Amino acid sequence: MRDVIRQAVEVFPNIVCVDDGSTDNSVAEAIAGGAVVVRHPINLGQGAALQTGLEYAMRDPSAEFFVTFDSDGQHGLEDAFAMVERLAHEPLDIIIGSRFLDGRTKPGKIKKIVLKLAVVFENVSTGVRLTDAHNGLRAMNRAAASAIQIEQNRMAHASEIVAKIGQNKLRYAEHPVHIIYTDYSRAKGQSVWNLVNILNDLIFK
Amino acid sequence: MDNQIIIKIALIAALAIFAVFLMLPGSGARHLALRRLSMIGLFAVAVVAVVFPQLINEIANAVGVGRGTDLLLYGLIVVFIGNSLAASRRNRHMERELTQLARAVALADAPGHTGRGSERR
């Protein structure tokens, strides 16, 4: 994780890591890598951590663009950089990474089916047309970051973000990204069981 | 046993009301009032059942349930489900407030901005 952040700092000087009640040495790793760490006093979940990170970043008035990415090294820096470049030059509020726009990413068979089902669900329920439902790599401007207030503390935040893009009529686009499935990210990644939990969180608000 | 339809309709209606209740956003005051009213109603029913045990049997027969104890069991199940739904709803509400509190604490404890240009998570 330290290496992930150390490389990222080269491209993006301001990196916020949210410590969501971790018990391992990842806080020390993040600080050693050169990130600012914001610490949740209790464990709240990934969606809550994203929202905290965005709120912290938005406090810097000079910050124009905001990138969310997972700290386990599954996202490529060059993809993130290209997304910010597009935000700066195209009339867009938010760019979402998609692993299905080119052939670089090789997800497992079950994972692929689950993700495709989630895409269909989101397209129907939000009216926003995307090809990948749960991609953690996103780049947005201040208008989008302010409009998207994540209330889903756990994994359902990805669907919530898509829904808010539709509700706030944000100008969105997708960008092909490469997900590197390392053993670490696979172990930390979502199990298919989470589909049940996500649907539950979305239906019972 | 052809009047069993009455108890079926009553039970399904009760569950349907719970489902609607779950989907409605609902104001705090109305929910609290409804909770208290149903609590009072529950007490009243319990008192009546204790004072006139025969009455429960008669009601049970009238709606197509064999014995009064069966009717009480059905009632208990409905109340239990309703209570579980109300509790989980309250739980979600509290979780949302806890999140806001925890986030405020996290941001208050966070280091200040260095202002090195663009900002990331």
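Every number in this text was worked out from the coordinates using simple rules, so none of it is lab data. Keep in mind that what you see is a predicted model, and the values were worked out from it rather than measured. Note that we place each Cβ from the backbone using ideal geometry, even for glycine, and neighbour counts take in every protein chain shown.
From the residues A:LEU202, A:ALA8, A:GLY76, which one has its Cα farthest along the dipole of chain A in the positive direction, the dipole being from +1 and -1 charges on Cβ of Lys/Arg and Asp/Glu about the Cα centre?
It is A:LEU202, whose Cα lies furthest towards the positive end.
What does chain A give for Rg and for Dmax, in Å, if only its C-alpha atoms count?
Reported Rg and Dmax, both Å: 16.0, 44.
For chain B, with a Gaussian network of springs between Cα atoms less than 10 Å apart, report the residue from B:ALA44, B:ALA110, B:ALA102 with the top mean-square fluctuation.
B:ALA110
Using only atoms on other chains, find how many Cβ atoms lie within 10 Å of each Cβ of peptide A:49-61 and report the average. Walk me through the intermediate numbers first.
On the way: counts 3, 1, 4, 8, 4, 3, 6, 8, 5, 2, 5, 8, 3.
Mean partner-chain Cβ count within 10 Å for A:49-61: 5.
Once the dipole of the protein assembly as shown is set up with Lys and Arg at +1 and Asp and Glu at -1 on Cβ about the Cα centre, which of B:ILE56, B:ALA87, A:ALA139 lies farthest towards its positive end?
Of the listed residues, the answer is B:ILE56.
Mind listing which chymotrypsin sites (Phe, Trp or Tyr not before Pro) in segment A:73-138 are in a DSSP loop and have 10 or fewer other Cβ atoms within 10 Å? Intermediate values should be presented prior to the final figure.
Working: sites: A:PHE81, A:PHE100, A:PHE121; in loops: A:PHE100.
For chymotrypsin sites (Phe, Trp or Tyr not before Pro) across segment A:73-138 that sit outside H, G, I, E and B with at most 10 neighbouring Cβ atoms in 10 Å, the list is empty.
With θ set to phi - 60° and the Karplus curve 6.51 cos²θ - 1.76 cosθ + 1.60, what are the ³J(HN,Hα) couplings of segment B:47-55 in order, to the nearest whole Hz, using x for Gly and Pro?
Listing the rounded values in order: 4, 4, 5, 6, 6, 10, x, 5, 4 Hz.
Using Cα springs under 10 Å in a Gaussian network model of chain A, which residue among A:ASN141, A:ASN25, A:ASN153 shows the largest mean-square fluctuation?
Comparing A:ASN141, A:ASN25, A:ASN153 in a Gaussian network model of chain A, the most mobile one is A:ASN25.
For every helix of n ≥ 4 consecutive DSSP H residues, a contribution of -39,500 (n - 2.57) applies; sum these over the protein assembly as shown, divide by its total residues, and give [θ] at 222 nm rounded to the nearest 500 deg cm²/dmol. Mind showing how you got there, number by number?
Working: 13 runs with 192 residues, N = 326.
The helix-only estimate for the protein assembly as shown comes to -19000 deg cm²/dmol at 222 nm.
Dipole of chain A (Lys/Arg Cβ +1, Asp/Glu Cβ -1, origin at the Cα centre): which of A:ALA158, A:GLN51, A:TRP193 lies farthest to the positive side?
Of the listed residues, the answer is A:TRP193.
Non-local amide H neighbours of A:HIS178 (under 5 Å, H modeled in plane, Pro and chain starts lacking H): which ones?
Those lying under 5 Å, H to H, from A:HIS178 are A:GLY76.
Taking the DSSP beta bridges in the protein assembly as shown as the whole, what percent of them are antiparallel, to the nearest 5?
Values: 8 of 18 bridges.
Of those bridges, close to 45 percent are antiparallel.
Only four residue types carry charge here, +1 at the Cβ of Lys and Arg and -1 at the Cβ of Asp and Glu. Report the dipole size of the protein assembly as shown about the Cα centre in Debye, rounded to the nearest 20.
Working: 35 positive and 31 negative charges, 132 e Å.
It works out to roughly 640 debye.
Let me spell out the model: positive unit charges on the Cβ of Lys and Arg, negative unit charges on the Cβ of Asp and Glu, origin at the Cα centre of segment A:1-98. What dipole size does that give, in debye rounded to 20? Display every interim value, and only then the final one.
On the way: 5 positive and 16 negative charges, 50 e Å.
Charge dipole of segment A:1-98: 240 debye, to the nearest 20.
Taking θ as phi - 60°, what are the ³J(HN,Hα) couplings along segment B:11-20 by the Karplus curve (6.51, -1.76, 1.60), each to the nearest whole Hz, with x for Gly and Pro?
5, 5, 4, 4, 5, 5, 4, 4, 4, 5
Only Cα pairs within less than 10 Å get springs; with that Gaussian network setup on chain A, which residue of A:THR23, A:THR68, A:THR105 has the largest fluctuation?
Most flexible of the set in this elastic network: A:THR23.
How large is ³J(HN,Hα), in whole Hz, for each residue of segment A:27-35 in order, when computed from phi with the Karplus curve 6.51 cos²θ - 1.76 cosθ + 1.60 and θ = phi - 60°, using x for Gly and Pro?
Values, residue by residue: 5, 4, 4, 5, 5, 5, x, x, 9 Hz.
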